[in-house]
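Student: One structure, pasted below without further comment.
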Amino acid sequence: MNFKLMVAVAVSILVFGAVPSRAGIPIDQYVTLSGFGTLGEVYSDYRQADFTGNFLQPSGAGHSRSWSPTPDSDLGAQADVNLGNGLSGVVQVISHYDPDGNYKPRFEWANIKYAFTSDLAVRLGRTLLPTYERSDSENVGYTLPWVRLPNEIRYSNSATHGDGIDVLYRVKTGAVTQDLQVQWGRTSEEFPGAVFRGKDLVVLSDTLQYGNASVHVAYQSMKYTYAGMPPAHFRLASAGFTYDPGTWFVTGDSNYAHYDFFGDFFAWYLSSGVRLGSFTPYAIYSKEHAPTSAPPSGLTSLGNERTLTAGVRWDFAKSLDFKLQLQRVSIDTLDAPASFTKLQPGARVGDKANVVSLAVDFVF
Amino acid sequence: MKTSALSALLLGVLAAAGIRAEEIVVIVNPAAGPISKEQIADLYLGRSGGLTPVDQPVGSAIYVEFYKKATGRDIAQVKALWSRILFTGRGLPPKQLPDSAAVKHAVAANPNVVGYIEKSAVDASVKVALPLD
């Protein structure tokens, strides 16, 4: 699917009012259809590299062109199937700018779930990995307070989804609810020009919820191969929190990752916002830092950058929001800084990029 | 002059809204146990299971008022929270029923269902679990 087709579909959904009052269109008693999308435009004043929506994208805004719709625009559709007796399934297809430079739709979720009780379930198939506090809904702009998940936090982990089996267990202790998840399987992620493959993937995740406060911790481990290199090991630990009483919020996330070949990565962000009617202004500080002195790859500062972000979300209509986001990114390395691709010979450590993002998010 | 006319108009609107805002109550089946305001917020924001919450039509006056009082959130915030649950395959938002009579009917028929209606609509088929004011 090319970009124009995706935009045409997204615009017709918006214009022809297929945005009912809630997510989910019941087709019959078994099937519910829903969808989401983002139409975005990004401007970057930095001519020595392209700013991207995540490190898998092959181009963006800045060097190739000043304005680009590719970092954030996407379109997704989902079918939920409920067969009763605890058996259900979900399939989600998403089209966004991919490593090949097109909008070919791919399966993001495709699994069947069996609930033994209301607190214990097992799923078989594909799921998005719960590695970060918001990684499992990062493609759904409407669920985020910002235009996108900070690029730095996403940089440490090459895999976004897992194919395998996982067990979900909910434990209630007084007013504290814990959602435990254990996942086994494998993963593959296409990069521009190479494929990252992981096997023996294990993910442990725990989300603690106490009223308006939540804490998320996760651990991930796998054996990976990348671009024909010998198999190596990857581990990642992450911890995040959110406090959201309704009128304001504060949230943060962090992770520490280790690749046998690429060394260590540490990334974190802190963000806060205030809700003023239908407007939610926010700020984010995010950073990625590679602390290893001499990894086998020889790349000692892979991904390093810092970003200061200010923006506003405006919930201007039912199931629709508009976001304006201003960012100042400090480039701390010439080894693939987290937000950039197509680095030019004129790029220098210490360069700053000013980035403006506009987005309309919708769900139906 | 203009300012005082505007203030008078605002006061009038506020007074009218005050008179029209009816008290909302959370109802459960007469056979069901007690429930706290925290539990209601958790149920309607998808943070816990166990009981099955049912909704009034999204955007209706009682829907808006209920979420404001029970969860401190407006329609867009509630929508964003449920979108996250939906699009991570973790569940569907509460079933929407057409009116208070339908909510009462659903609650009366099943001890696991929780709903909310105007206080004036309560009858013997259901039990008031929690007044919201």
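Student: Condition test on B:Ala108, is it modelled with pLDDT of 95 or more, more than 11 Å from chain A (Cβ to nearest Cβ) and under 24 Å from A:Ile25 (Cα atoms)? Full working, then the answer.
Tutor: On the way: modelled with pLDDT of 95 or more: yes; more than 11 Å from chain A (Cβ to nearest Cβ): yes; under 24 Å from A:Ile25 (Cα atoms): no.
So B:Ala108 does not fit the description; no.
Student: Okay, next question. Please go through (1) part of a loop (DSSP other than H, G, I, E, B); (2) of a type in the set (Gly, Ala, Ser); (3) within 14 Å of another protein chain (Cβ to nearest Cβ) for A:Gly350 and return the number of the only condition it doesn't satisfy.
Tutor: Going through (1) part of a loop (DSSP other than H, G, I, E, B); (2) of a type in the set (Gly, Ala, Ser); (3) within 14 Å of another protein chain (Cβ to nearest Cβ) one by one, A:Gly350 breaks only (3).
Student: Taking only the range A:46-78 into account, find how many residues are in a loop (DSSP other than H, G, I, E, B), of a type outside the set (D, E, K, R) and either surrounded by fewer than 24 Cβ atoms within 10 Å (Cβ to Cβ) or within 14 Å of the chain's Cα centre (by Cα) (or both). First the steps, then the outcome.
Tutor: Going through the range A:46-78, the residues in a loop (DSSP other than H, G, I, E, B) turn out to be A:46-49, A:52-60, A:62-66, A:69-73.
Right, trim to of a type outside the set (D, E, K, R) and you get A:46, A:48-49, A:52-60, A:62-64, A:66, A:69-71, A:73.
From what is left, the residues that are either surrounded by fewer than 24 Cβ atoms within 10 Å (Cβ to Cβ) or within 14 Å of the chain's Cα centre (by Cα) (or both) are A:46, A:48, A:52-59, A:63-64, A:66, A:69, A:71, A:73.
Final tally of qualifying residues: 16.
Student: Right, here's the next one. For A:Val93, are the conditions met, namely being without any contact (Cβ under 8 Å) to a residue 40 or more places away in the chain, in a strand (DSSP E or B) and not polar (S, T, N, Q)? Steps first, please.
Tutor: Numbers: without any contact (Cβ under 8 Å) to a residue 40 or more places away in the chain: yes; in a strand (DSSP E or B): yes; not polar (S, T, N, Q): yes.
When the stated conditions are applied, A:Val93 passes them.
Student: Same structure again: For the range A:168-176, does any single residue satisfy the condition of being within 13 Å of chain B (Cβ to nearest Cβ), free of Cβ contacts under 8 Å to residues at least 40 places away in the same chain, crowded, with 19+ Cβ neighbours inside 10 Å and not hydroxyl-bearing (Ser, Thr, Tyr)?
Tutor: no
Student: Do you know which residues across the range A:242-257 are assigned to a strand (DSSP E or B) and more than 16 Å from the chain's Cα centre (by Cα)?
Tutor: Of the residues in the range A:242-257, the ones assigned to a strand (DSSP E or B) are A:242-243, A:248-257.
Of everything in the range A:242-257, those that are assigned to a strand (DSSP E or B) and more than 16 Å from the chain's Cα centre (by Cα) turn out to be A:Thr242, A:Tyr243, A:Trp248, A:Phe249, A:Val250, A:Tyr256, A:Ala257.
Student: Taking the range A:186-203 as the region of interest, how many residues are under 21 Å from A:Asn111 (Cα atoms) and touching a Ser or Thr at 6+ places or on another chain (Cβ under 9 Å)?
Tutor: 9
Student: Determine the pairs where a residue that is more than 7 Å from chain A (Cβ to nearest Cβ), located within the range B:66-89, has a partner that is surrounded by fewer than 19 Cβ atoms within 10 Å (Cβ to Cβ) with Cβ atoms under 6 Å apart, the partner being 6 or more residues away or on another chain.
Tutor: B:Lys69/B:Leu132; B:Ala70/B:Leu132; B:Ile85/B:Gly91
Results for (1) closer than 26 Å to A:Ala77 by Cα; (2) among the basic types (Lys, Arg); (3) assigned to a helix (DSSP H, G or I), shown as yes or no for each residue.
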| residue | (1), (2), (3) |
| --- | --- |
| B:Asp42 | no, no, yes |
| B:Gly46 | yes, no, no |
| B:Gly50 | no, no, no |
| B:Pro57 | yes, no, no |
| B:Arg73 | no, yes, no |
| B:Ile85 | yes, no, yes |
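Student: Is there any pair with a first residue in the range A:298-322 that is free of Cβ contacts under 8 Å to residues at least 60 places away in the same chain and facing chain B (nearest Cβ under 9 Å) and a second that is of a type in the set (Ser, Thr, Tyr) and in a loop (DSSP other than H, G, I, E, B) whose Cβ atoms are under 6 Å apart and which are 6 or more apart or on different chains, and what are they?
Tutor: A:Asp315/A:Ser278
Student: Give me the residue from the range B:46-65 that is at the interface with chain A (Cβ under 9 Å from one of its Cβ atoms) and on the phi > 0 side of the Ramachandran plot and, out of that set, surrounded by the fewest Cβ atoms within 10 Å (Cβ to Cβ).
Tutor: The residue in question is B:Gly59.
Student: Turning to a different aspect of this structure: Quick one: in the range A:338-353, of everything that is within 22 Å of the chain's Cα centre (by Cα) and polar (S, T, N, Q), which residue is surrounded by the most Cβ atoms within 10 Å (Cβ to Cβ)?
Tutor: A:Ser339
Student: So which of A:Thr160, A:Thr117, A:Thr131, A:Thr143 ends up being surrounded by fewer than 24 Cβ atoms within 10 Å (Cβ to Cβ), away from chain B (no Cβ under 11 Å) and of a type in the set (S, T, N, Q)?
Tutor: Details: A:Thr117 fails: away from chain B (no Cβ under 11 Å); A:Thr131 fails: surrounded by fewer than 24 Cβ atoms within 10 Å (Cβ to Cβ); A:Thr143 fails: away from chain B (no Cβ under 11 Å).
The match here is A:Thr160.
Student: Tell me, yes or no, whether the range B:13-35 has at least one residue that is of a type outside the set (Asp, Glu), at the interface with another protein chain (Cβ under 10 Å from one of its Cβ atoms) and surrounded by fewer than 19 Cβ atoms within 10 Å (Cβ to Cβ). Steps first, please.
Tutor: Within the range B:13-35, the first condition is being of a type outside the set (Asp, Glu), and the residues that meet it are B:13-21, B:24-35.
Narrowing further to those that are at the interface with another protein chain (Cβ under 10 Å from one of its Cβ atoms): none.
Checked the range B:13-35: no residue is of a type outside the set (Asp, Glu), at the interface with another protein chain (Cβ under 10 Å from one of its Cβ atoms) and surrounded by fewer than 19 Cβ atoms within 10 Å (Cβ to Cβ).
Student: Next up: Look at the range A:96-114 and say how many of its residues are assigned to a strand (DSSP E or B), touching a Ser or Thr at 6+ places or on another chain (Cβ under 9 Å) and either within 10 Å of chain B (Cβ to nearest Cβ) or not basic (Lys, Arg) (or both).
Tutor: Final tally of qualifying residues: 8.
Student: Filter the range A:292-337 down to the residues that are β-branched (Val, Ile, Thr) and in a loop (DSSP other than H, G, I, E, B), then identify the one that is surrounded by the fewest Cβ atoms within 10 Å (Cβ to Cβ). Please lay out each step first, then the result.
Tutor: Quick first cut of the range A:292-337, residues β-branched (Val, Ile, Thr) only: A:292, A:300, A:307, A:309, A:312, A:329, A:331, A:333.
So of that shortlist, the ones also in a loop (DSSP other than H, G, I, E, B) come out as A:292, A:300, A:333.
Numbers: A:Thr292: 18, A:Thr300: 15, A:Thr333: 21.
Residue satisfying both the conditions and the ranking: A:Thr300.
Student: Taking the range B:22-59 only, how many residues are among the β-branched types (Val, Ile, Thr) and without any contact (Cβ under 8 Å) to a residue 60 or more places away in the chain?
Tutor: Step one: filter the range B:22-59 for residues among the β-branched types (Val, Ile, Thr), giving B:24-28, B:35, B:40, B:52, B:54, B:58.
Still in the running and without any contact (Cβ under 8 Å) to a residue 60 or more places away in the chain: B:58.
Counting residues in the range B:22-59 that are among the β-branched types (Val, Ile, Thr) and without any contact (Cβ under 8 Å) to a residue 60 or more places away in the chain gives 1.
Student: Could you check how many residues of the range A:247-267 are within 14 Å of another protein chain (Cβ to nearest Cβ) and buried (at least 16 other Cβ atoms within 10 Å of the Cβ)? Steps first, please.
Tutor: Here is the first cut: in the range A:247-267, the ones within 14 Å of another protein chain (Cβ to nearest Cβ) are A:247-249, A:251.
Checking the rest, the ones that are also buried (at least 16 other Cβ atoms within 10 Å of the Cβ) come to A:249, A:251.
Counting residues in the range A:247-267 that are within 14 Å of another protein chain (Cβ to nearest Cβ) and buried (at least 16 other Cβ atoms within 10 Å of the Cβ) gives 2.
The values are calculated or read from the model by the stated rules, or taken from the named source; none is laboratory data. Worth saying up front: this structure is predicted, and the values here are computed from it rather than measured. Virtual Cβ from ideal backbone geometry, glycine too; neighbours counted across all protein chains shown.
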